[in-house]
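Values quoted throughout were computed directly from the atomic coordinates according to the rules given, and no laboratory measurement underlies them. Quick caveat, the model's predicted, so the values are computed rather than measured. Cβ sites come from the backbone with ideal geometry, for glycine too, and all protein chains shown count toward neighbours.
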Amino acid sequence: MDLLTLAIVGDVHLRWGPEDVRFFDSSEYDRVLFVGDLGGYRHSQTVALCRSIATMTKTSLVVPGNHDGPSLGALAGEVAGKPRLVRALSRGQSQRMEAIAHALGPVEVGGYSRHRIADGLDLIVGRPHSMGGPTMAFAPFLAKRFGVRSMEDSAQRLRGLVDDSDADRLLFLAHNGPTGLGDRRGDPWGCDFRDEEGDQGDPDLREALDHAREQGKQVLAVIAGHMHHGLRGGGLRTWQETHDGTLYVNAARVPRVFAQAGRTLRHHVALDVDAHGCRAREVLVPS
Ligand SMILES: [Fe+2]
Ligand SMILES: [Fe+2]
């Protein structure tokens, strides 16, 4: 018997409308999880989109992505690997996150947080605003908002969330997936923007998953996005894989709304969770 059925919305990047609100509100899903990157490059557009998501009556939760809150300059600093630039341009991120949370209204904003979503089943939300890889993106904001000052700090915080849970079963939600799923460009969180490819997963999330298993928890699924399905240079990323009884889902089909054979289709992933594991399937809703 299913414990619950979840809708996973991958990187939205402004592709959202009243059709989505109507669809999810009339759906059978127990809740809707957003993996982040709701916005694009303008904060005002992100806030407007959050106000639309807030009109949903379906219980939902968002983990902020690297496009949700940081300034354009700080984002550029992270892409360029210039931490001093990120520090200089990180002012205002707290206020922008407050505006996003306010606009989202009843929608929960997760990040270093634990949520009881069914009997004996907790959802642990990882580090917000991740851009993947060994560098902790937007470190000045994470230090100020969460007191997390390094990747090791972050891993420790996530392990603590596991320790605080009395649930036997866990789901993890993060903006970017963990390391360990492969180092080729087409792997679920493999790097497609460097010639040498590599594993672009989050090492702190991997530590939390390993820790959960060591504590005897059953990790049913890890849900994330960020590394878009369409690869630079062509091809598509593997978006789901099972390892050691855990289902890994990368829901970042971007754009999530697209035209095909004369129809407009709106993407999300349906995740059925039962006592033994999870099954994921892509859903394309015509509009
Ligand atoms: Fe994205
Ligand atoms: Fe992202």
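So if the hydrodynamic radius of the chain is defined as the Kirkwood radius over C-alpha pairs, what does Stokes-Einstein give as its diffusion coefficient at 37 °C and 0.692 mPa s, in µm² per second?
After rounding, the answer is 174 µm²/s.
Sequence gap at least 6, Cα distance under 8 Å: using those rules, report the relative contact order of the chain to the nearest whole percent.
Answer for the chain is 19 percent.
Can you show me the helix-derived [θ] at 222 nm for the chain, built from DSSP H runs with n ≥ 4 at -39,500 (n - 2.57) apiece and divided by the number of residues, rounded to the nearest 500.
Roughly -8500 deg cm²/dmol at 222 nm, from the helical runs in the chain.
Toward the positive end of the charge dipole of the chain, about the Cα centre and with charges on Cβ (Lys, Arg +1; Asp, Glu -1), which of Val219, Met56, Gly180 goes farthest?
Met56
Quick check: the distance between the Cα centres of the stretch 38-98 and the stretch 19-37, to the nearest angstrom?
Computed from Cα coordinates, the inter-centre distance equals 21 Å.
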